[in-house]
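First comes the structure, then the notes that go with it.
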Amino acid sequence: MKTTYPYYIAVKVEAGKLVKMYRDKKFKSYSECYDILNNWFTVHQDSFCNGQYAIVEYTSYYECRIITIFTNTIETKLV
(Lines give C-alpha, C1' and ligand atoms only; values in the text may rest on other atoms or scores of the structure.)
Protein backbone atom coordinates (compact mmCIF):
# COMPACT_ATOMS: atom_id res chain seq x y z
CA MET A 1 0.00 0.00 0.00
CA LYS A 2 1.44 3.36 -1.05
CA THR A 3 1.43 6.26 1.41
CA THR A 4 0.38 9.64 0.07
CA TYR A 5 1.83 12.79 1.60
CA PRO A 6 1.01 15.00 3.36
CA TYR A 7 -1.06 13.24 5.99
CA TYR A 8 -1.95 14.21 9.55
CA ILE A 9 -2.05 12.35 12.87
CA ALA A 10 -3.27 13.23 16.36
CA VAL A 11 -0.77 12.67 19.19
CA LYS A 12 -0.59 13.03 22.94
CA VAL A 13 2.56 14.45 24.53
CA GLU A 14 3.70 12.20 27.38
CA ALA A 15 7.06 12.90 29.01
CA GLY A 16 8.38 14.52 25.84
CA LYS A 17 7.26 11.69 23.54
CA LEU A 18 4.59 11.98 20.87
CA VAL A 19 2.26 9.01 21.34
CA LYS A 20 -0.23 8.30 18.53
CA MET A 21 -3.83 8.50 19.70
CA TYR A 22 -5.49 6.48 16.94
CA ARG A 23 -2.76 3.87 16.35
CA ASP A 24 -2.01 3.93 12.62
CA LYS A 25 -4.92 6.14 11.52
CA LYS A 26 -3.71 8.70 8.98
CA PHE A 27 -5.97 11.60 8.09
CA LYS A 28 -5.90 13.03 4.58
CA SER A 29 -6.64 16.60 5.66
CA TYR A 30 -5.93 18.83 8.63
CA SER A 31 -9.61 19.63 9.11
CA GLU A 32 -10.55 15.94 9.31
CA CYS A 33 -7.92 15.34 12.01
CA TYR A 34 -8.93 18.51 13.85
CA ASP A 35 -12.62 17.52 13.89
CA ILE A 36 -11.90 13.99 15.15
CA LEU A 37 -9.66 15.36 17.92
CA ASN A 38 -12.29 17.92 18.98
CA ASN A 39 -14.92 15.15 19.12
CA TRP A 40 -12.59 13.20 21.39
CA PHE A 41 -12.19 16.28 23.63
CA THR A 42 -15.97 16.61 24.03
CA VAL A 43 -16.18 13.02 25.27
CA HIS A 44 -13.04 13.22 27.48
CA GLN A 45 -13.18 16.74 28.93
CA ASP A 46 -10.83 15.95 31.83
CA SER A 47 -8.08 15.08 29.36
CA PHE A 48 -8.64 18.29 27.45
CA CYS A 49 -8.25 20.37 30.60
CA ASN A 50 -5.15 18.57 31.94
CA GLY A 51 -3.20 17.13 29.02
CA GLN A 52 -1.15 18.26 26.05
CA TYR A 53 -2.08 17.13 22.56
CA ALA A 54 -0.90 17.99 19.04
CA ILE A 55 -1.63 17.54 15.37
CA VAL A 56 1.41 16.49 13.34
CA GLU A 57 1.80 16.80 9.56
CA TYR A 58 4.02 14.26 7.79
CA THR A 59 5.47 15.68 4.57
CA SER A 60 7.70 12.69 3.74
CA TYR A 61 8.84 9.44 5.33
CA TYR A 62 11.31 11.08 7.73
CA GLU A 63 9.99 14.65 7.88
CA CYS A 64 7.14 15.96 9.98
CA ARG A 65 6.14 19.13 11.79
CA ILE A 66 3.76 20.03 14.56
CA ILE A 67 0.86 22.10 13.21
CA THR A 68 -1.30 22.68 16.31
CA ILE A 69 -0.78 22.19 20.05
CA PHE A 70 -3.56 21.93 22.64
CA THR A 71 -2.40 22.66 26.20
CA ASN A 72 -4.84 23.00 29.10
CA THR A 73 -7.73 24.15 26.83
CA ILE A 74 -5.49 26.62 24.96
CA GLU A 75 -5.10 26.02 21.22
CA THR A 76 -1.89 27.24 19.57
CA LYS A 77 -1.52 27.07 15.77
CA LEU A 78 2.12 27.07 14.74
CA VAL A 79 1.66 27.21 10.95
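Can you give the helix-only mean residue ellipticity at 222 nm for the chain, where every DSSP H stretch with n ≥ 4 adds -39500 (n - 2.57) and the sum goes over all residues, rounded to the nearest 500 deg cm²/dmol?
Numbers: 2 runs with 20 residues, N = 79.
Helix contribution divided over all residues of the chain: -7500 deg cm²/dmol.
Keeping every protein chain in place, order Arg23, Arg65 by accessible area at 1.4 Å, biggest value first, i.e. largest first. All intermediate terms of the calculation are to be shown ahead of the outcome.
Values: Arg23 200, Arg65 115 Å².
Most to least solvent-accessible, the answer reads Arg23, Arg65.
Compare Tyr34, Tyr53, Tyr62 in a GNM of the chain, Cα atoms joined below 10 Å, and give the one with the largest fluctuation.
Looking only at Tyr34, Tyr53, Tyr62, the largest GNM fluctuation is found for Tyr62.
Could you look at segment 9-57 and say what percent of its accessible area is carbon and sulfur, using a 1.4 Å probe and all protein chains?
Reported share for carbon and sulfur atoms: 50 percent.
Check Gly51: other-chain or 5+ apart residues with amide H under 5 Å from its amide H, H built from backbone geometry?
Asn72
Under the definition of Cα pairs under 8 Å and six or more residues apart, what whole-number percent is the relative contact order of the chain?
Values: 125 pairs, mean separation 23.1, N = 79.
That works out to 29 percent.
On average, how much area does the Cα convex hull of the chain cover when viewed from any direction, in nm²? Before the final figure, lay out the partial values.
On the way: hull surface 21.3 nm².
Average of the hull's projected areas for the chain equals 5.3 nm².
The values are calculated or read from the model by the stated rules, or taken from the named source; none is laboratory data. Just so it is clear, the model here is predicted, and its values are computed rather than measured. Ligands, DNA and RNA are excluded from the accessible area calculation, which covers all protein heavy atoms including side chains. Shrake-Rupley method; radii C 1.70, N 1.55, O 1.52, S 1.80 Å.
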